[in-house]
Amino acid sequence: MSSHVSLSRYLVEEQRLHGKIPAQLRLLLEVVARACKGISHAVNKGALGDVMGSAGSENVQGEVQKKLDIIANEVLIEANEWGGHLAAMASEEMDSIYVVPNRYPQGEYLLLFDPLDGSSNIDVNVSIGTIFSVLQKPDGNSAVTEKDFLQAGAKQVAAGYCVYGPQTMLVLTVGDGVVMFTLDREQGSFVLTQEKVQIPEDTQEFAINMSNMRHWAAPVKRYVDECLQGQEGVRGKNFNMRWIASMVADVHRILMRGGIFMYPWDQREPNKPGKLRLMYEANPMSWLIEQAGGAATNGHERILNIQPAQLHERVSVILGSKNEVERVTTYHRS
Ligand code: AHG
Ligand code: MN
Ligand code: MN
């Protein structure tokens, strides 16, 4: 493909060549991309657009909402509710599902999103993003309910994220590899800039919030201890560390050059399986990582095989370069 393939052209050609993107799904992905352009615009305005700081409210998970969390959520809902491609949406920032209002036709897809990932980075001008996951409504005719969303990640029909960094990039999979688009601000369109993204199987770079070390489970501590021993230790090589505190930005780095990302269960809140949310953070990212040749587990099983019991369910996340993820998973099993 030439370097000037737009998102629209990619979606049309992908359908023509592989039959992966029916018209409604194509519309859905174009609308999500348009919404991300709007969010990118708001992010770029920063203090000039009155988008910084706290909104003074909390979401269902007890987290303080930033103004931009709410703005991004509204942009995604308003863009997606009228096109006829969706039955309902679910978001980190909404307690329960948002059913497409009666005044609009209902489509066959379900959209889940983390409208603004990396909220703690908004006010300090560090990369943030939007994560999304698309499912099919299981039963064509009945009224849509929350139960329809509770499908394992392996059932996703599209997934991706948009990172608002030095460049705004949309990263997507429809189950035919991972493709990356860069926003051309003059043209106002996403242009294909990388296809067939592949993560190296080995890495010397790990990402974890080290301040939680004393709370980790033994297998995670063992893995990181061995990395820290460097060349003289059992791994026989030195490791580098990165932690951006925006999953989108950490995963983007891993897709570009490999690495392992962990937000594991820890003892701070022993009854929660982890911090990150299964359905709109871990599932879409895990599918992208697998599609690029990497792996994603919760330490025990493939994340994409987990049957969700709740919309806002949390999960322990270990993802990235295959051999490293397998090593950490083996440590959990032994
Ligand atoms: P969100 O802003 O959507 O709540 O997600 C933030 C997540 C994730 O992006 C990041 O990896 C992690 O929280 C950072 O957590 P710590 O601040 O505990 O490092
Ligand atoms: Mn998030
Ligand atoms: Mn968020």
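The values are calculated or read from the model by the stated rules, or taken from the named source; none is laboratory data. Remember, predicted model here, so these are calculated numbers, not experimental data. Virtual Cβ from ideal backbone geometry, glycine too; neighbours counted across all protein chains shown. Surface areas here come from the heavy atoms of the whole protein model, side chains and all, with no ligands, DNA or RNA. Shrake-Rupley method; radii C 1.70, N 1.55, O 1.52, S 1.80 Å.
The figures follow:
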item	result
Potential lengthening between R242 and K147 on full extension [0.36 nm per residue; Cα-Cα distance subtracted]	30.5 nm
Surface share of carbon and sulfur [accessible, 1.4 angstrom probe, percent] for region 24-171	50 percent
Contact order normalised by residue count of the chain, Cα under 8 Å, 6+ apart, percent	15 percent
The chain: Lys pairs at Cα distance under 23 angstrom, eight or more positions apart or on different chains	25
Peptide ranges 200-208, 259-267 listed from the most packed, as the mean C-beta count within 10 angstrom indicates	259-267, 200-208
GluC sites (Glu not before Pro) restricted to DSSP loop in region 270-334 with at most 12 other C-beta within 10 Å	E301
Accessible area per residue, Å², the chain with all protein chains present, probe 1.4 Å	42 Å²
Simple label model, 7 Å out from Cα along Cβ direction - A154 to Q136, nm	1.6 nm
Evaluated at q = 0.14, 0.15, 0.23 Å⁻¹: base-10 log I(q)/I(0), Debye formula over Cα of region 205-333	-0.56, -0.64, -1.59
Any cysteine of the chain lacking a neighbouring Cys Cβ under 4.7 Å - listed by number	C227
